[in-house]
Amino acid sequence: MNKLAKYTERSQGLAKYDPKKGMKKIAFLEMVEKHYATAKDASQLIVAIRAKLEAQAEFVLWWDTQGPGKEGKGNVTDRTHYSGRDGLPERKPVSRWRAKLNDPDKFEKTYQEICAKYPKLLEFEKMAHVGQSSGYYEWYSPPAYIEAARTVLGSIDLDPASSAAANDVVKATTYYTLDQDGLRLPWRGRLWLNPPYGQPIIEWFTAKLAASVTSGEVSAAIVLVNNGTETAWFHTLASLAQAMCFPEGRLRFWNPDHKGSTPLQGQVVVYIGQDRHAFVREFHPFGFVLVRPDDAAVS
């Protein structure tokens, strides 16, 4: 789909857009951004920054297609909205937003420039193996773990959080990239999953996996994540797991264009499937393996 078609599709979706609520949303997200910056919560901060920019871009699209931006063009359908009145901003800030957000490349550049203002955020960016935008470095799984997973699964049908470079190692039959947005696409078969570690994205990926396993669409999966045992998403995975491996030491992720990265937190490999003996055999060399007991053993 070309840019004009995407623009037309987005503008048609604004029929019920309320610009007053849109401005309130922008103001709220600006406060949220400041809050997480002060709290030095990098994972929530990057979510707030992107959400704020998306809200601003949505407002600009409304302004240009249905609001004051159409004044003087002879096709105004609603003249109840005027710049600088009725809770709307003057034209200058809207023009500034438009200049920075009116196409995907400019949007991502603006996003990265804002992120660069926060040193704590940059540290998080270095540690996140898969970023939330194309401007982030992508850190890929250690090949030895991929090879062990492939042995356990037999083959890998899908990697829903990947890239062409990563799949040179994973060798999944199908893989979804950031641009494709794997959360919106079907998950089937045997999965390898090393999801983005930031909140709330990791929750979305684990929820999608749980739903796909429960429905029977995913027959087996091996997931590499932070060992966030205190989190709800970890317990979602644990409730499905037949076995888990806690590696000794911290894994070293890789990227073809950058030096390897060692995260600040330890990881866990979660196995969902029917052949836990194969998982124990392949993963016990990496660290401590826990196996779900048989029902009879806990009854």
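See the values below:
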{"read-out": "Fewest-first sequence of 23, 31, 244 by Cβ atoms within 10 Å of each Cβ", "value": "31, 23, 244"}
{"read-out": "Amide H contacts of residue 103 (H built 1.01 Å from N, under 5 Å, at least 5 apart or other chain)", "value": "none"}
{"read-out": "Cβ-defined net charge surrounding residue 192, 10 Å radius [Lys, Arg +1; Asp, Glu -1]", "value": "+1"}
{"read-out": "Likely footprinting exposure, 286, 28, fewest C-beta neighbours within 10 Å first", "value": "28, 286"}
{"read-out": "Residue 189 long-range amide H proximity, modeled H, under 5 Å", "value": "218, 219"}
{"read-out": "Kirkwood Rh (inverse of mean 1/r, distinct Cα pairs), region 143-298, angstrom", "value": "15.7 Å"}
{"read-out": "Fewest-first sequence of 230, 147, 248, 282 by Cβ atoms within 10 Å of each Cβ", "value": "230, 248, 147, 282"}
{"read-out": "Protection proxy ranking, peptides 202-210, 107-115, average beta carbon neighbours within 10 Å, highest first", "value": "202-210, 107-115"}
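Where a number appears in this text, it was derived from the coordinates with a stated rule and is not lab data. None of the values given here were measured: they were computed from a predicted structure. Note that we place each Cβ from the backbone using ideal geometry, even for glycine, and neighbour counts take in every protein chain shown.
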